[in-house]
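Okay, so here's the structure we're looking at.
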Amino acid sequence: MRLNAGAVCAGGGSYVNKTGHWRTFIPRVDTDKCNGCGICYTYCPDSSIEIVEKTAQIDYDYCKGCGVCAHECPREAIAMEEERK
Amino acid sequence: MITAELFAIAAFADGKYSQAFPYFGGERRGAPVQAFVRIDDRPIRLRSKIYNPDYVILQDPSLIGIVDVLQGLGEDGMILVNSELLPEEIGLDTKARVVTFPATKIALETLGVPITNTAIMGAFSALTGEITIDALKPAIEEKFTGELGEKNLLAATTAYERVRASL
Amino acid sequence: MGKKAVIEGSMAIAIAVKQARPHVISAYPITPQTHIMEFLADFVANGELKTEYLRVDSEFSAASVAQGAVAAGSRAYTASASQGLLLMTEVLYNVAGMRLPMVLTGVNRSVGTPVNIQPDHQDTVLFRDTGMIQLYVEDAQEAYDAHVQAFRIAEDRDVLLPVLVCVDGWTISHTFEPVEVEEQEKIDAFLPPYKPLYHLDPKKPYTFGSISIDKDLMEFRYLHEEAIQGAKAKIEAIAREFEKTFGRYYGGLTQSYKTEDADIVFVAMGSIIGTLKEAVDELRAQGKKVGVLKVRSYRPFPVEEIRAALANAKVACVIDRAISIGFGAGPLTIDTQAALYGPNAPQVLPFYAGLGGKDVELKHVAEMVAKAEKAAAGEAVSAEPEYVNINWNLVS
Ligand code: SF4
Ligand code: SF4
């Protein structure tokens, strides 16, 4: 397969590359504490958080377990747990 | 540089080839500058400065004694100086032909400002015939529009007529 | 028929750019490039040119804006000189690597320090290894013609590379001389609108210049080299098509002037070519067999054309308007020597001329020829580069 000139590639590369298997720790949202403020959503470097019905929802296919969301959540609604696979 | 540019345009209007270029060493506005013109019957390819001019036009006579305005000018050459003095009064020691012409005076009469380009060109045309007064018209019209063009044309033709009358 | 008039070189370039109908022009001034951008601004102001004319805060931004514009699928133009071009360097590597067909003018000016606003090629030869195409022109007419051709070359689907058109500052940019300007319709027919292969579009997203690690970086370089080598035939073909359309041909990759039977051939780039052609005619009138090989395309470098043009020459006098400090020869000499390497190659005599605007007169050309004649006659002459018209008082 000949490479595209200019290293041009079609969009959507980050859908194909599922980064979920990189995790060692997994973020768990305490839905009682979470008020859906969206701060975690803003900070997540892999865009793996969505706010659904005023609650943070994590897409574990892409969440790489970095822990930024847990660190930034003002309500301490996210806890990082060791993931056993 | 505007004089040089107008000469090049006029020479082209006369059916000749021409080239006009400035020499800039990094001066600011108002500093003395040199500009060069070549006129030929065939395309001009040479790009060096001109060291042995056939003609020198000195727009600012105060440069005499500061800059060697006669440099490279041969005995057959001519220097045209913007001055109200007589040629023997301006202190140029040369075997070349020295001509003085009060271009600033003509410019003030016709344009109202001491910008001498077009007046000196009219005088040069009358003196040398290297460019015709007819060719100066389209050159001036190309460079200056409207009233400014008319005034500059008047400056050139006035200068031309005065020199013709004195010859 | 086009219209022939005495205009400034910068105006000739500005008109060519206007007639190319760029969607985007990014402008940051630097002497002696400024006139081009001022003329283009005038065209926009008086309605002659409809384009997005962006005044940016630096040359880095100028190049970046044009880069983004081309990536978005538009035709874009910018220009600079000297230190300004150098500030674009980082961006221009990306433009070339992303294979974006931008056209830019390098109005050749020496590079500081010392500060100098006069012409030499020190600024543009720096871009030798960026993967951009570089064309050098000899007068205002060729500057006009080459800019029209540059868009065609750059946007050719088999090329897709930026083209840097190198125009000697002052000697061309600020000189008034006769230039034939073609009709817009004919330019439109010669240069159809740009149709990008890929372009940025939120509806159909692409990544330009995506990451490429050890597994394929070298492969991208291979493709880049393949494209610029392939551009050789395109540069020639487009120059010939231009000739057929407009009746002027300034050479493709090179242009030979009286080289066929010449014992001594000058190899040079840019505005000095005019002076050399004039000198060659004078020297030929004295019975000296001298010719000029104009290197029009510095990248891609015309290896085969140089070999062919110099096949029968005894001596090649290579004139560099730039210096590779620390090597002992200029970039054009180094490349020419490499191109000629092998048996039966003519002897190469390197000359530095016109550095920082140092004037080159007919007498200096005659001096170079005198040295070359000795070499051609079998006399031993120094192969060290000679500094033409140097003032020895200032260095001894
Ligand atoms: S930052 Fe905390 S409270 Fe805010 S949405 Fe995220 S998990 Fe919920
Ligand atoms: S752990 Fe990191 S990657 Fe996973 S959701 Fe939180 S911020 Fe995003």
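From the list C:LEU49, C:LEU85, the one residue that fits, being in contact (Cβ under 8 Å) with a residue 24 or more places away in the chain, aliphatic (A, V, I, L, M) and over 19 Å from C:ILE30 (Cβ atoms), is C:LEU49. Restricting attention to the stretch A:39-54, the residues being more than 6 Å from ligand 2 (Cβ to nearest atom), farther than 14 Å from A:PRO74 by Cα and either free of Cβ contacts under 8 Å to residues at least 12 places away in the same chain or open to solvent by less than 60 Å² (accessible area, probe 1.4 Å) (or both) number 2.
For the stretch C:1-54, filtering for residues that are open to solvent by 30 Å² or more (accessible area, probe 1.4 Å), out of contact with any helix residue (DSSP H, G or I) (no Cβ under 7 Å at 6 or more places or on another chain) and assigned to a loop (DSSP other than H, G, I, E, B) leaves 6. Name the residues in the stretch C:28-54 that are charged (D, E, K, R) and closer than 27 Å to C:GLY97 by Cβ, would you? Of everything in the stretch C:28-54, just one residue is charged (D, E, K, R) and closer than 27 Å to C:GLY97 by Cβ, namely C:GLU52. Taken over the stretch C:312-337, the residue count meeting the criterion of being without any contact (Cβ under 8 Å) to a residue 24 or more places away in the chain and of a type outside the set (Ser, Thr, Tyr) is 5.
From the list C:ILE273, C:ILE323, exactly one residue is crowded, with 18+ Cβ neighbours inside 10 Å, under 23 Å from C:THR124 (Cβ atoms) and within 14 Å of another protein chain (Cβ to nearest Cβ). Which is it?
Only one candidate passes the filter, namely C:ILE273.
A single entry from A:GLY65, A:GLY6, A:GLY13 fulfils the requirement of being surrounded by fewer than 16 Cβ atoms within 10 Å (Cβ to Cβ) and of a type in the set (Gly, Ala, Ser): A:GLY13.
Tallying residues that are of a type in the set (A, V, I, L, M, F, W, C), without any contact (Cβ under 8 Å) to a residue 40 or more places away in the chain and more than 7 Å from ligand 2 (Cβ to nearest atom) within the stretch A:55-85 yields 2. Here C:VAL280 clears all of (1) more than 20 Å from C:ALA377 (Cβ to Cβ); (2) within 14 Å of another protein chain (Cβ to nearest Cβ) except the condition numbered (1).
Away from every other protein chain (no Cβ under 14 Å), more than 13 Å from C:TYR136 (Cβ to Cβ) and of a type outside the set (Asp, Glu): does that describe C:THR259? Yes.
Within the stretch C:208-235, the residues that satisfy the criterion of being open to solvent by 60 Å² or more (accessible area, probe 1.4 Å) and either in contact with a helix residue (DSSP H, G or I) (Cβ under 8 Å, 6 or more places away or on another chain) or assigned to a loop (DSSP other than H, G, I, E, B) (or both) are C:ILE211, C:ILE213, C:ASP214, C:LYS215. Scanning the stretch B:39-71 for residues that are facing chain C (nearest Cβ under 9 Å) and within 17 Å of C:LYS277 (Cα to Cα) yields B:PRO43, B:ILE44, B:ARG45, B:LEU46, B:ARG47, B:SER48, B:LYS49. If you check C:GLU282, C:GLU243, C:GLU305 for being open to solvent by 20 Å² or more (accessible area, probe 1.4 Å) and touching a Ser or Thr at 6+ places or on another chain (Cβ under 6 Å), only one passes: C:GLU305.
The values are calculated or read from the model by the stated rules, or taken from the named source; none is laboratory data. Predicted, not measured: the structure shown is a model, and the values here were computed from it. Cβ sites come from the backbone with ideal geometry, for glycine too, and all protein chains shown count toward neighbours. Note: accessible area is taken over every heavy atom of the protein model, side chains too, but ligands, DNA and RNA are not part of it. Shrake-Rupley method; radii C 1.70, N 1.55, O 1.52, S 1.80 Å.
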